[in-house]
Amino acid sequence: MTTDRDETDRTPAVCDRIRVDLGERSYEVLVHEGLLDQVGEFLAPFKLGPETIVVTNPVIKRHYGARVVRSLKAVGLKPTVLALPDGERTKSLRWVAWVLNELLRRRYERKAWLVALGGGVIGDLAGFAASIYLRGIPFAQVPTTLVAQVDASIGGKTGVNHRLGKNLIGTFYQPKLVLIDPGVLRTLPQREYRAGLAEVIKYGVIADAELFEFLERDMDQILKLEPAALHRVIRTSCAIKAAVVSEDEREGDRRRILNFGHTVGHALETLGGYRRYTHGEAVAIGMVVAARLAERLGLADASVGTRIRALVARTRLPADLPPRSASALLRAMRQDKKVQDRRIHFVLPDRIGHVVVRPVEEPEIRQVLTARQPGT
Ligand code: NAD
Ligand code: GLY
């Protein structure tokens, strides 16, 4: 996190600034209540063309479109708002083609900005469109869900789903800037907010035992969006994500830890047709399964899984697999991007704050998927 300021710096004094360090592709993640009204001010210094496409959906447009458009116009930018249908099923090649078509039709050039205003669906799709339009135009992330603020907007993973699996088509393409306004979370449905907390629990397990303990202690405050607790949650999560991505942008090694809970999570999302579970809910179940697997493989003692399960339940996230789902889940997992040499890889916690990544044999996975779950 940097605190250096010069006199041309328009960042509010109490704004948290987190740097994603990637050489000439480095960028900053800014966290501050009210940033939504300053989007234009932060884009202006890049001195790109005036054309600015704001990709969003009708729900977010209704809440926040006017504020962002006003701030862009205030610095002389010319915004056009493209609203895609709400929902995970929009994250498809079909809607990428629609966005590209709109950009081509308007003859936007390489210096046009693309601003992703929304949750992970909009951010992933818009980032992907930005990465392939004219071989890449600059884009900024203005995330409006907790999932997007603590995870999806940072790190440059962009893409869409395929019928055969989640996020199977995409690019690594970094934004120029990430602007996080925690205030927008007040209109987020509670279920979506809790989904974001699943990713925060993930950071605690993979890298930060202190964060995990803070979540155990203060979850009631966090669930009430108490500002100081919420700010700590966002700032700490962004710092962990930025550090991991700075170390390993293209998921050669270290970045794989961010997939904790995602092996089973993605399979659950795919099986549910992207409708049954939110991404965060699927990850929550996936984290509990991974912890049980770690225990079964002798990597962790039972307390690790017990604490993760308790925190997931306290956050009012689902912890249990749907009944009789083992065979279908295994089939979906074989299709996952994380399969290497046809072996399914898991991120496994050996203690709170530390994980290992390793292939796990299918019989072991099946055992855990079919075992009677505590409390059932
Ligand atoms: P989402 O984008 O579908 O948003 C959830 C819901 O909240 C939507 O209905 C949306 O309209 C609504 N919404 C968004 N902001 C709102 C606000 N401020 N007020 C009221 N309603 C609001 O879901 P998500 O959980 O943000 O993102 C999930 C997606 O993100 C998945 O596709 C997942 O794969 C992806 N993801 C990507 C990364 C990455 O590194 N690129 C990381 C995590 C997740
Ligand atoms: N959300 C996983 C990653 O960014 O690598």
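The values are calculated or read from the model by the stated rules, or taken from the named source; none is laboratory data. All figures in this text were calculated on a predicted structure; none of them were measured in a lab. Methodologically, a virtual Cβ is constructed for each residue, glycine included, from the backbone with ideal geometry; neighbour enumeration extends over all protein chains shown. Accessible surface areas use protein heavy atoms only, side chains included; no ligands, DNA or RNA. Shrake-Rupley method; radii C 1.70, N 1.55, O 1.52, S 1.80 Å.
Can you spot a residue in the range 274-281 that is assigned to a helix (DSSP H, G or I), of a type in the set (V, I, T) and open to solvent by less than 40 Å² (accessible area, probe 1.4 Å)?
Among the residues of the range 274-281, not one is assigned to a helix (DSSP H, G or I), of a type in the set (V, I, T) and open to solvent by less than 40 Å² (accessible area, probe 1.4 Å), which makes the answer no.
Of the helices (runs of 4 or more DSSP H) lying entirely inside the range 1-108, those containing at least 3 residues that are at pLDDT 95 or above and small (G, A, S) span 66-74.
Considering every residue within the range 36-46, establish whether at least one is within 12 Å of ligand 1 (Cβ to nearest atom) and either under 20 Å from the mean Cα position of the chain (by Cα) or not β-branched (V, I, T) (or both).
Yes: one or more hits.
Here's a check for you: in the range 201-210, which residue that is under 14 Å from R309 (Cα atoms) and not basic (K, R) is nearest to the chain's Cα centre (by Cα)? The selected residue is I201. Out of the residues in the range 124-154 that are charged (D, E, K, R) and within 14 Å of ligand 1 (Cβ to nearest atom), which is surrounded by the fewest Cβ atoms within 10 Å (Cβ to Cβ)? For the range 124-154, the residue satisfying everything is D124.
For the range 264-287, which residues satisfy the criterion of being over 20 Å from H354 (Cα atoms) and more than 15 Å from ligand 2 (Cβ to nearest atom)? Once the filter is applied, which keeps residues that are over 20 Å from H354 (Cα atoms) and more than 15 Å from ligand 2 (Cβ to nearest atom), the range 264-287 yields A267, L268, T270, L271, G272, G273, Y274, R275, R276, Y277, E281. Looking at R307, R292, which one is more than 15 Å from Y203 (Cα to Cα) and touching a helix residue (DSSP H, G or I) at 6+ places or on another chain (Cβ under 8 Å)? None of the other options fit; the residue is R292. Evaluating Q141 against the criteria (1) assigned to a strand (DSSP E or B); (2) within 16 Å of ligand 2 (Cβ to nearest atom); (3) in contact with a Phe, Trp or Tyr (Cβ under 9 Å, 6 or more places away or on another chain) leaves one unmet condition, (3). Could you check how many residues of the range 45-62 are open to solvent by 10 Å² or more (accessible area, probe 1.4 Å) and touching a Lys or Arg at 6+ places or on another chain (Cβ under 8 Å)? Selection size over the range 45-62: 5.
The residue list R316, R309 contains one member that is at pLDDT 95 or above, part of a loop (DSSP other than H, G, I, E, B) and surrounded by fewer than 24 Cβ atoms within 10 Å (Cβ to Cβ), which is R316.
Being in a helix (DSSP H, G or I), open to solvent by less than 10 Å² (accessible area, probe 1.4 Å) and within 17 Å of R191 (Cα to Cα) holds for only one residue in A284, A267, A294, and it is A284. Take the conditions of a type in the set (S, T, N, Q) and under 24 Å from the mean Cα position of the chain (by Cα) and apply them to T315. Does it pass? Answer is yes for this residue.
Screening the candidates L168, L185, L164, L177 for the property of being touching a strand residue (DSSP E or B) at 6+ places or on another chain (Cβ under 8 Å), surrounded by fewer than 24 Cβ atoms within 10 Å (Cβ to Cβ) and over 30 Å from G49 (Cα atoms) yields one hit, L168.
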